[in-house]
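Since the structure comes first, as C-alpha cells, the remarks are kept for the end.
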Amino acid sequence: MTDEEKILQEQKDEEMINQGFQHLLDCYLASKHRKKVEIITKAFNFAKQAHKGVKRRSGEPYIMHPIAVAQIVCCEIGLGSTSICAALLHDVVEDTDYTVEDIENLFNPKIAQIVDGLTKISGGIFGDRASAQAENFKKLLLTMNDDIRVILIKIADRLHNMRTLGSMLPNKQYKIAGETLYIYAPLANRLGLNKIKTELEDLSFKYEHPEEYAQIEAKLKATKEERDEVFNTFTAPIRAKLDKMGIKYRILARIKSPYSIWNKMQTKHIPFDEIYDILAVRIIFDPTDVEVEFDECFSIYVAISKIYKPHPDRLRDWVNHPKSNGYQALHVTLMSNKGQWIEVQIRSERMNDVAEQGFAAHWKYKDGTQGEDEGELEKWLRTIKEILDDPQPDAMDFLDTIKLNLFASEIFVFTPKGEIKTMPQNCTALDFAFSIHTFLGSHCIGAKVNHKLVPLSHKLQSGDQVEILTSKSQHVQPSWINFATTAKAKAKITSILKREQRAMQQKGEDMLLEFLTQEGVTLTDEYLQKLCLLHQMKTPEELYAAIGGKQIVLGETEKEELKEKQSSSNTWKKFIPFIGGKTNKPKPVEKKEPLQKIDSKKILKLTPEAIKKNFIIADCCKPIPGDDVLGFIDEQNHVVIHKRQCPMAAKLKTSYGNRLLAVEWETGKALDFPVNIYIQGIDTIGILHRIADIVSEELNVNIRKIFIETKDGLFEGHIQMFVHDVDDVKTIISKLQKIEEMKVVTRVEKFEDKV
C-alpha cells in the first residue's frame, strides 16, 4: 500500500469511526436517560486513543467494536451513561497498558469497577487443569453481585462478537458459538433479554450448522404466504371485537426462530412439516390506567375465548405470577376455524418492554411493582452468591452447576402457610427442603405433598403444597445426590458429605496408627500400599474412611501382612504385573497415535488412514461422515471427534475452547460406521420382513442388531446398522418411510432393547 493509499484509508476509517459514535450519541439523546454527553465523549476519545492503529480480523478499526457494544447497551438493552462509558472502555485494560486504577482516576470508581468485571483474568481459580473460560465467567458472576450491569454489557459484547463471527477461524467460531449457546443465550433469557437471547441462539446455530440453518430459513420463506393468510384470517374477528371494546392495541405475528424449530426437530425427532406452533399471535395493548392493567388482560382473554374455543390445559397466567426474569403476559391457546391450535400472548406495552429488555426495562417504570421485580433480581443474585461461595474444584462442574440452577424453567410451589416459592422445573421435595434452610434439608425424612406422604425423591409440580417432615436423628445420605437437582441442594449435600468423609478419614487414620503402635510398627508407604491391595482400595484416603466407618476391622489379617518379610518366597512378584504366576492378560486395546505439532488454524482432514491411526470417534455421540463435527485435543494429545451438537462437545466448547479443531470428513465410502434408527408404525403381518428386505436386500446394508416390540396394534423399536455416511442414512430413512404402515423413522443416538 502506497503512502497516498494509507492516508486515504485513514481518512475513511476516521469518517467511519465518527459516524458510528455520532449514531450512538443520537440514540442516547433520544432515550429518557439524563443527558451526560460530556463523560460519554470523554470515554470515546480515551478508548479511540488507546486502540489507535489496531484492527479487527474483519479489517475495520478496533474502536468500532466498543462503539457497537455501547450501541447495543444503549438501544437494545436501554442502559444509561455509566454503562455506555464502561462499554466504550471494556477492552482498554485487557488490550492496552492502561490499568483499572487509570480508569478510576480518569472517570469514576463505578465505571472502573464495571470495566474490571469485564476484563479477562490471569491466574487460576481451578488449579493446574484450569479452564480460562470458566474462570472468566466466574469472575464475571462475582462482579455481577456488585453490579448487574456487568453481565448486561458482557451480553452486548458477546452479541456483537456473534454478529461479526464470520471473520474468525472455524475452530474459534465453534468455541465462541458453543459457549454462547451453553452460557450466554440462557443467561440473556434469565435476565429477560428475549430478543437478544433469540438472536444469540440463531447466530450460534448458523455457524455450527450452516446447512440446516439455510434449509429452515428457506422453508420459513416458502411458507410465509400461507402463514400470513392464517394470521390475517385468525386475527380479523379479534380486531373487530377489540375495536368494539374501545381498546388501544396492536397485533403482531410471532414466528418461531430457526434455532427453536431445529431444536424441536432434534428433541422430538420430527420433520419441519410436523411443527405446528411456528406461528403465535401477540396482542399488545395500551391500558387506560395502570390500576386496571391486569383486569384488561383478562377482559381481552374473555372476549377472544368467545370467538375461538380455548385449550382447557393451556392457559398460562404470567400476569399474576411473573417469571423470575420479570416476564409478564397471559398465554392462551385457541382453536382456529381451520382446526389449528394457535397460541395468543396478551400483554401491555409495559409488559412488552420488560419482555424485550428484561430487568433494564424495570428502571423505566417507577410504579409500585418495581420493588417486587427488584426482589426477584435480588433472589437470583443471592442464588449466584451461594453457588460462588461453595468452591467447585472442576471447571466443567462449575459451569454445569450454574446452568443447572440459573437457567431452568420454573414452577410455583406453596408452603404449608400458603407462601409461594419459585423452584426450577423437575425439582424434588429434597430440593425444596434445602431451598428453605440447610438444617431442614439435612434432617428431612420425607414430605407431604398436597397432604399425601411422598419420598424425598418425589418430583414437584406447579401448584403443589409441600410440607417437609424432619427428624433430629436423620443425617445426609450419599444417595441423596442422585435425586437432588438444584445447585443449592447438590452443593450443600456434597459439602456435608465431604466434611463427614474428612472426619471419617481422620478417625480411620488415628485407628490405624494406634493399631500399628500396639504392634510396634511404623506406618510406611509400602505397608499402606499393601493394605490398599489387601482390601482392594484405590487410595489410602479410601482405606482410612473404610477403617473409620468400620467397614474394615483391623485384626489378624493385618497382623499377618505385617509379619510377612519382603524377601521371603518371592512375595514381591505379585506386585509386579508382568512377573510371576499366570495372569489373565487383558485384550490388547487398539492404540491411537497422538498427533504431533497440531496447527489449530488449519482444517484437519478425516481420511480413512487418519481415522484408523490418529483420531478417536467419540462414543457419546458416535458421529459419522456427513455429520457436522469438531475435534478436541485431549490430555494425551489425541484428537477426539464429536458432533457439534453433542452435549459433551457443548461443555468442551464452553470450558476448553482453545483445544478445539476444525475438521472435515474425507472418507469417501471406505469405512463403515454404526448408526441407530428408531422406527414406529402400525403392526401388520410381515412388517419386519419388509423392513429387513429394504435394508439388507435392496440397499445392501448390514444390520448389526434389531429390537422391535408390538403393543395394541402398534410397533416400535430400534435397528443398528453399518453405513458409510449421512447420505446412506437419508436413503435408508427415505426408503423405510415409503412403507405405508411406517409412521416414524428417525436417526437416534442410542440403541435401546426396550421401548
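The values are calculated or read from the model by the stated rules, or taken from the named source; none is laboratory data. Here the structure is a predicted model, which is why all the values come from computation and not from measurement. Cβ coordinates were reconstructed from backbone atoms using ideal geometry, including for glycine residues, and neighbour counts include every protein chain displayed.
Quick notes
- Among the candidates 476, 454, the residue that is modelled with pLDDT of 90 or more and over 20 Å from residue 552 (Cβ atoms) is uniquely 454.
- Residue list for region 221-246, filter: of a type in the set (A, V, I, L, M, F, W, C) and closer than 17 Å to residue 282 by Cα: 230, 231, 234, 236, 238, 240, 242
- If you filter region 426-459 down to residues that are part of a strand (DSSP E or B) and of a type in the set (A, V, I, L, M), you find that the one that is surrounded by the most Cβ atoms within 10 Å (Cβ to Cβ) is 447.
- Condition met for residue 2 (at pLDDT 90 or above, out of contact with any Gly (no Cβ under 7 Å at 6 or more places or on another chain) and of a type in the set (Ser, Thr, Tyr)): no
- The set of residues from region 471-486 being surrounded by 16 or more Cβ atoms within 10 Å (Cβ to Cβ) and either free of Cβ contacts under 8 Å to residues at least 40 places away in the same chain or in contact with a strand residue (DSSP E or B) (Cβ under 9 Å, 6 or more places away or on another chain) (or both) comprises 476, 483, 484, 485, 486.
- Condition met for residue 233 (touching a Phe, Trp or Tyr at 6+ places or on another chain (Cβ under 7 Å) and of a type in the set (S, T, N, Q)): no
- Among the residues making up region 678-698, those that are of a type outside the set (Phe, Trp, Tyr) and in contact with an Asp or Glu (Cβ under 8 Å, 6 or more places away or on another chain) are 679, 680, 681, 682, 683, 684, 687.
- Qualifying residue in region 272-281 (condition: out of contact with any helix residue (DSSP H, G or I) (no Cβ under 7 Å at 6 or more places or on another chain), modelled with pLDDT of 90 or more, assigned to a strand (DSSP E or B) and surrounded by 17 or more Cβ atoms within 10 Å (Cβ to Cβ)): yes
- Among residues of region 29-42, those that are assigned to a helix (DSSP H, G or I) and small (Gly, Ala, Ser), counted: 1
- Filter pass, residue 657 being at pLDDT below 90, out of contact with any His (no Cβ under 7 Å at 6 or more places or on another chain) and buried (at least 17 other Cβ atoms within 10 Å of the Cβ): yes
- Counting only residues that are in a helix (DSSP H, G or I) and either hydrophobic (A, V, I, L, M, F, W, C) or surrounded by 15 or more Cβ atoms within 10 Å (Cβ to Cβ) (or both), region 282-298 holds 7 of them.
- The residues in region 219-253 that are in contact (Cβ under 8 Å) with a residue 24 or more places away in the chain and either at positive phi or among the hydroxyl-bearing types (Ser, Thr, Tyr) (or both) can be counted, and the count is 4.
- One residue from 435, 409 being modelled with pLDDT of 80 or more, assigned by TED's automatic domain parsing to the domain that holds residue 485 and among the hydroxyl-bearing types (Ser, Thr, Tyr): 435
- Among the criteria (1) exposed (fewer than 14 other Cβ atoms within 10 Å of the Cβ); (2) touching a residue at least 40 places away in the same chain (Cβ under 8 Å), the one residue 689 does not fulfil is (2).
- Strands (runs of 3 or more DSSP E) wholly inside region 663-753 containing at least 3 residues that are within 26 Å of residue 273 (Cα to Cα): 673-682, 714-723, 742-748
- Residues considered: 194, 189. Of these, the only one that is under 21 Å from residue 262 (Cβ atoms) and surrounded by fewer than 20 Cβ atoms within 10 Å (Cβ to Cβ) is 194.
- Check on residue 640, in contact (Cβ under 8 Å) with a residue 12 or more places away in the chain and under 28 Å from residue 138 (Cα atoms): yes
- Subset of region 718-748 (residues that are touching a residue at least 12 places away in the same chain (Cβ under 8 Å), within 15 Å of residue 694 (Cβ to Cβ) and under 32 Å from the mean Cα position of the chain (by Cα)): 719, 721, 723, 728, 729, 733, 745
- Meeting the requirement of 2 or more residues that are hydroxyl-bearing (Ser, Thr, Tyr) and crowded, with 19+ Cβ neighbours inside 10 Å, the helices (runs of 4 or more DSSP H) wholly within region 43-119 are 81-89.
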